[in-house]
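Notes to accompany the following structure.
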Amino acid sequence: MPGKQNPSLKDPELYEKLRDDGASKGKAARISNAAAKEGRSTIGEKGGEAGSYEDWTVAQLRERAKEIGLTGYSGNRKSELIAMLRDS
């Protein structure tokens, strides 16, 4: 509800921004509370560098698609697999 604040949120402004960007309620709450506790710049530094899907083999891309529950990927080309994974 607009205007209703959750008292357990430590950084409601960041929470709302994350929700607007599509984050789940739980994820947005975890990130906003951690950012309020440790500082926003510190939280941004925590994430690791993910490898590029372009460096993966087609077999690895298919395995990842299977892991996350995608369907209809078996006949796709590498570029199509990458697009499916990024859109999920």
Item to check | Two-site FRET efficiency, ALA59 against ASP21, from Cβ-Cβ distance with R₀ of 30 Å, rounded to 0.05 | outcome: 0.40
Checklist entry - In terms of Cα to Cα distance under 14 Å, which aspartates and glutamates are near enough to LYS10, apart from those fewer than 8 places away along the same chain? => result GLU38
Checklist entry - Can you list residues whose amide H is under 5 Å from TRP56's amide H, if they're 5+ apart or on another chain and H is modeled 1.01 Å from N? => result none
Item to check | For segment 71-88, Karplus couplings with θ = phi - 60° (6.51, -1.76, 1.60), whole Hz, Gly/Pro x | outcome: 10, x, 9, 4, x, 7, 7, 4, 4, 5, 4, 4, 4, 4, 5, 6, 7, 7
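No lab work stands behind these numbers, since they all come straight from the coordinates. In this text, all values refer to a predicted model and were calculated from it rather than measured experimentally. Counting neighbours? That spans all protein chains shown, and the Cβs are built from the backbone with ideal geometry, glycine included.
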